[in-house]
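The values are calculated or read from the model by the stated rules, or taken from the named source; none is laboratory data. All of these numbers come straight from a predicted model, not from anything done at the bench. For neighbour counting, all protein chains shown are included, and Cβ atoms are generated from backbone atoms with ideal geometry for every residue, glycine included. Quick note on the areas: whole protein, heavy atoms, side chains included, nothing else; ligands and nucleic acids left out. Shrake-Rupley method; radii C 1.70, N 1.55, O 1.52, S 1.80 Å.
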Amino acid sequence: MAINTRSPHYVSITNASISYATLDIYIWDGDKSATTTVKYDLKKYKVSNSTTVSFEISELIRDYLDVVFDGVYSTTSQNICKWVKTDLKAFNVSNVQQGATVSQTDLALDSYSYFQEGSSFSFDNKSLLMENVDLYLESFSDFQIPIYTKNNPSVAFIDSSGATQRTVSFLNNDASTNQIKSVDLFPQLVTNVSFDVPNDWQIRSLDVIEDGVLRCNGQSGSRNFQNFTPIAGNEYIVNFEIKEYTSGSIRYFDGSGGVQISGVLNTVGEYSFKYTQSVTSTNLVSFFSSSGFDGVIDNVSLKEVTQVSKIKITDDNDITTLNIKEQCRSKYTPNKVTFVNKFGTLQDMYFFKKATEKMTVKKESYKANILNNSNSYSTSNHVNQDFNVVGSESISLSSGYLEESYNEAFKQLMLSEKVWVTDEDYKVTPINIKTSNITYKTSLNDRLVEYTIDFDNSFDTINNIR
């Protein structure tokens, strides 16, 4: 049974001769059967006339869980779950162990249960680790589906005709990093977004891949990604950024000898193109310069576009269907909010309507003495002097019109302790929820379900990290 560390979790031992009990807690990453050192060694005496000793261990385990997010959905980098083993022993008044050691190994997450679900709530039989099954998304937007792999789930992406476009399957194993997986609605085909693997790229002799970027140093010719072969006739979306620019120009082709997609580019900025693959080539992503491009390219990503209307998750226990409800692009730019949900995993939610940004400033002041030695002063000097000026920025996001099933998602968002927002430039910002209450909306009472939530940036505007 998974341990929900934001709710109480008790382990107990019973023996007729018990005087006290000891508890050893082991917490680790990696294989479930791996050996590790004891993190906590506890001892507790029984209550009078009782034959049971219980320990509540959630808060102790939670110290070892710290979900992080920088735009990458990785179980390894998120610290999202740990294996926990408990060894319980009962002793009598003579310090002699009574009975066998009670051992249990479970997966722990930064999850919780509701009061109405009782003290023994477990999601062991669930594969989809989110509650809402209606997903409101803009066309071809990023969205990750959190999956628990214990029950060998298979995730099928189905188009409007009922045809399965692709299937992602998981077979559970004992590695902690394989227990929770995020499945991308449109998977990355070129995944070294920040140029972390130079061997994937064929570049010019003066070019350098360093610090997560491709630095082009004025040579003409192609820069090709080599480890993917496209399929002619399939649709793709490419995103990349010209981060710095000095001279020359660059163009994007759908492979060596392929078709020019971008036109001539010689300006710093974010670029995104949807296109149909013209040829099958060993070099799908190809940046070509005929004029000696001198600049920096970053954040290259490539996705294959497939029309998806339903997602069916089949596991050893059940079948769950998600419905994709596509939103047309309005005059507002959608903001993606990612939060740690009830199950301790990262969940995405889009806010489609108006976003309002604000800044609040706090400061102290004093009245300065601006007289000089000759009892005169400069009229350009400040008499009322400000100091310790601190600014904090906030953003108010409106969801747009949704189904009632999103009420549960907003409930879990409000209860989340960690939230991030990703803007259209893929910049991830940590935020805190400023709104302290919401009224659940229904189509019966309100006709249209829409929420506006206020968030504060989780940092001051002026860098004051020391």
query = For segment 67-128 and segment 362-383, what is the separation of their C-alpha centers, rounded to whole Å?
reply = 62
query = Ordered by residue, what ³J(HN,Hα) values in Hz, to whole numbers, does segment 3-10 give under the Karplus form 6.51 cos²θ - 1.76 cosθ + 1.60, where θ = phi - 60° and Gly and Pro are x?
reply = 8, 8, 7, 8, 10, x, 9, 10
remark   = In whole Å, largest first, the alpha carbons of segment 106-232 cover along the principal axes 66, 39, 28
task = Express the accessible area of the chain per residue in Å², computed with a 1.4 Å probe while the remaining protein chains stay in the model.
result = 50
ask   = Length gain on complete extension for the stretch ASN95 to ASN239, per 0.36 nm per residue less the alpha carbon to alpha carbon distance?
value = 45.2 nm
ask   = In Å, what is the Rg of the alpha-carbon atoms in segment 133-178, and how long is Dmax?
value = 13.2, 38
note = Sorted by chain and then number, the residues having a modelled amide H within less than 5 Å of the amide H of LYS342, at least 5 places away or on another chain, are none
note = Length gained, ASP159-THR52, 0.36 nm per residue minus C-alpha separation, equals 32.9 nm
ask   = Rounded, prolate or oblate: which fits segment 235-288, taking a ≥ b ≥ c as square roots of the Cα gyration tensor eigenvalues, rounded meaning a/c under 1.5, else prolate when a/b beats b/c?
value = prolate
remark   = Lys and Arg at +1, Asp and Glu at -1: neighbours of ASN317 with Cβ under 13 Å from its Cβ sum to -2
request  = Find how much the distance from VAL72 to ALA16 grows on full extension, using 0.36 nm per residue of separation minus their present alpha carbon separation; answer in nm with one decimal.
outcome  = 15.0 nm
message = For a distance above 39 Å, tell me the whole-number percent of Cα pairs in the chain that qualify.
response = 40
request  = Pop a pseudo-label 7 angstrom from the Cα along the beta-carbon direction at both ASP316 and VAL361 and give the gap in nm to one decimal.
outcome  = 6.1
message = Can you work out the Karplus-derived ³J(HN,Hα) for every residue in segment 237-247? Use 6.51 cos²θ - 1.76 cosθ + 1.60 with θ = phi - 60°, whole Hz, and x for glycine or proline.
response = 10, 10, 10, 7, 10, 8, 8, 9, 9, 10, 6
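Let me spell out the model: positive unit charges on the Cβ of Lys and Arg, negative unit charges on the Cβ of Asp and Glu, origin at the Cα centre of the chain. What dipole size does that give, in debye rounded to 20?
Values: 41 positive and 55 negative charges, 125 e Å.
Computed about the Cα centre, the dipole is about 600 debye.
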Under the Karplus curve 6.51 cos²θ - 1.76 cosθ + 1.60, θ = phi - 60°, whole-Hz ³J(HN,Hα) for segment 455-462, x wherever Gly or Pro sits = 10, 9, 4, 8, 6, 7, 5, 7
request  = Note down, for segment 372-466, the three equivalent ellipsoid semi-axes (square root of 5 times each alpha carbon gyration tensor eigenvalue), biggest first, whole angstrom.
outcome  = 45, 16, 12
inquiry  = What Kirkwood Rh does segment 277-369 have if only Cα atoms enter the pairwise 1/r average? Answer in Å.
reply    = 20.5
note = With a Förster distance of 41 angstrom and the Cβ-Cβ distance between GLU450 and ASN227, calculated FRET efficiency to the nearest 0.05 equals 0.40
query = What shape does segment 1-84 take by its C-alpha gyration tensor, where a ≥ b ≥ c are the square roots of the eigenvalues and a/c under 1.5 counts as rounded, a/b above b/c as prolate, and the rest as oblate?
reply = prolate
